[in-house]
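Here is the structure we will look at.
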């Protein structure tokens, strides 16, 4: 799912409202908020998720923390969650550049029992990150 539109039009506020509604209607659904404006904020958000979930090896220096979070979320035995990614507007950061073939999109969980909600100004990013799913 994606919310697409110009900056300062309330996409993030609508996403916050939606996450609260999902939590009220389905208290067993975990909600994760990812600040997606840059690689640094994305990584910090994943670090907070790893801490909140008390993931094993989250403090190991040699561990790929973002892969650890993604892999754990994909293997949680069908536990439902909603991950909101706010402002992933940097195409290169999410899909890589010419010399950098990997991007942050690689670290998004992909499973049937979860949803990813994206708020962005860029339709192409919305299409790619929402898996050509619904976008508004």
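No value in this document is a laboratory result; all are computed from the given coordinates. These numbers were taken from a predicted model, which means no experiment stands behind them. All Cβ positions, even for glycine, are placed from backbone atoms using ideal geometry, and neighbour counts span all protein chains on display.
Take the chain, connect every pair of alpha-carbon atoms lying under 10 Å apart with a spring to form a Gaussian network, then pick out the residue of 45, 26, 12 with the largest mean-square fluctuation. Of the options given, 26 has the highest mean-square fluctuation.
Quick one: length gained pulling residue 123 to residue 43 fully straight, 0.36 nm per residue minus the C-alpha distance?
On the way: separation 80, 0.36 × 80 = 28.80 nm, distance 2.32 nm.
Contour length minus Cα-Cα distance gives 26.5 nm.
Spin-label model, residue 76/residue 111: points 7 Å from Cα along the beta carbon direction are separated by 0.7 nm.
Under 1.5 on a/c is rounded, so check that first for the range 2-129, then, if it is not, pick prolate when a/b is larger than b/c and oblate when it is not; a ≥ b ≥ c are the square roots of the alpha carbon gyration tensor eigenvalues.
Working: a/c = 1.77, a/b = 1.05, b/c = 1.69.
Because a/c hits 1.5 or more and a/b fails to exceed b/c, the range 2-129 counts as oblate.
Under a Gaussian network description of the chain, with springs only between Cα atoms under 10 Å, the residue in 108, 68, 53 that fluctuates furthest is 53. Under a Gaussian network description of the chain, with springs only between Cα atoms under 10 Å, the residue in 54, 117, 104 that fluctuates furthest is 54.
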